[in-house]
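Shown next, in structure tokens, is the structure this report addresses.
The values are calculated or read from the model by the stated rules, or taken from the named source; none is laboratory data. Please read these numbers as outputs of a predicted model, since none were measured by experiment. Because the Cβ atoms are built from the backbone with ideal geometry, glycine has one as well, and the counts that use them run over all protein chains shown.
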Amino acid sequence: MRVAVYWAPRLDDALHRLGSQWLGRDAETGAALQQPELPGLDIAEITAEARGYGLHGTLKPPFRLATDWHAFRADAMALAARTRPFAMPPLVLAEHHGFLALLEGTKSPELQALCDTCVEALDRHRATPTPEEIARRRPERATERQREHIHRWGYPYVFDEWWFHVTLSRRLTEAERAVVQPVLAAHLGNLAAQARRVTELCLFTQGAPGAPFLIAERLPLLG
């Protein structure tokens with residue numbers, strides 16, 4: 001089993017419903033959802049990898065447990081209990097390294113601090129990556145700083161290399177993006193830019209290699 005700590009829209013946030021519909025799966029229930037139509041393109045293929053991870057923004061990247069679920073959950077609950085809810089900046093739909101994703105409209109120090117805390121405070125539960133897991137991070141393509149993060153934290157995009165993003169597609173060609181982005185923008189409407197608050201940490205689990213990630217628990221921020 002692998003676990004991860006993610007941000008995900010609250011269940012009462014319409015972004016949860018529409019974003020899950022776009023990906024074709026609800027990470028809360030595991031239910032398959034009917035996706036919008038894409039003219040001339042296969043939306044199921046374009047969203048396949050993102051669908052497996054579920055609608056989310058990464059805080060603590062997926063890892064195998066070196067301890068056990070109960071110990072991990074206890075530390076995550078303690079972290080949530082001392083963290084105060086805060087306003088999330090408006091999100092914008094944009095191209096990011098070839099993907100379409102929801103990104104911060106303005107950089108949030110609170111969101112960065114939450115991510116940094118999740119990475120560090122929960123790291124005792126992370127099993128040492130196997131050589132195969134390290135290879136999947138493509139260290140040969142990483143910067144020196146990113147390779148340092150892979151060696152220390154098991155993932156290249158943490159701390160100074162982290163950015164908040166909610167991935168909604170695979171990498172697209174310019175021609176594909178010209179088709180997909182307007183349809184996705186119309187599907188989401190003005191939801192991304194609406195005011196929302198970060199009030200939960202979401203614990204995601206993956207039961208077996210290749211299995212979809214599911215939300216195991218939503219931990220309220222109580223600080």
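Some points to look at:
- Restricting attention to segment 173-192, the residues that are surrounded by 15 or more Cβ atoms within 10 Å (Cβ to Cβ) and in contact with a strand residue (DSSP E or B) (Cβ under 9 Å, 6 or more places away or on another chain) add up to 7.
- Number of the condition not met by A78 [criteria: (1) loosely packed, with under 15 Cβ neighbours inside 10 Å; (2) touching a residue at least 60 places away in the same chain (Cβ under 8 Å); (3) of a type in the set (A, V, I, L, M, F, W, C)]: (2)
- Options R10, R84: the member that is charged (D, E, K, R), touching a Leu at 6+ places or on another chain (Cβ under 8 Å) and modelled with pLDDT of 95 or more: R84
- Residue count for segment 115-161 under the criterion of being under 22 Å from D68 (Cβ atoms), under 18 Å from the mean Cα position of the chain (by Cα), assigned to a loop (DSSP other than H, G, I, E, B) and not small (G, A, S): the result is 2.
- Test: residue in segment 129-149 that is more than 17 Å from F63 (Cα to Cα), surrounded by 13 or more Cβ atoms within 10 Å (Cβ to Cβ) and in contact (Cβ under 8 Å) with a residue 60 or more places away in the chain: no
- Top-ranked residue of segment 12-36 - restricted to ones that are touching a residue at least 24 places away in the same chain (Cβ under 8 Å) and exposed (fewer than 15 other Cβ atoms within 10 Å of the Cβ), ranked as nearest to L214 (Cα to Cα): G30
- Test result for H187, in contact (Cβ under 8 Å) with a residue 24 or more places away in the chain and assigned to a helix (DSSP H, G or I): yes
- Residue in segment 94-113 that is nearest to L172 (Cα to Cα), counting only those that are under 15 Å from the mean Cα position of the chain (by Cα) and at pLDDT 95 or above: F99
- Within segment 213-223, considering residues that are over 13 Å from the mean Cα position of the chain (by Cα) and surrounded by 12 or more Cβ atoms within 10 Å (Cβ to Cβ), the one farthest from A32 (Cα to Cα): L222
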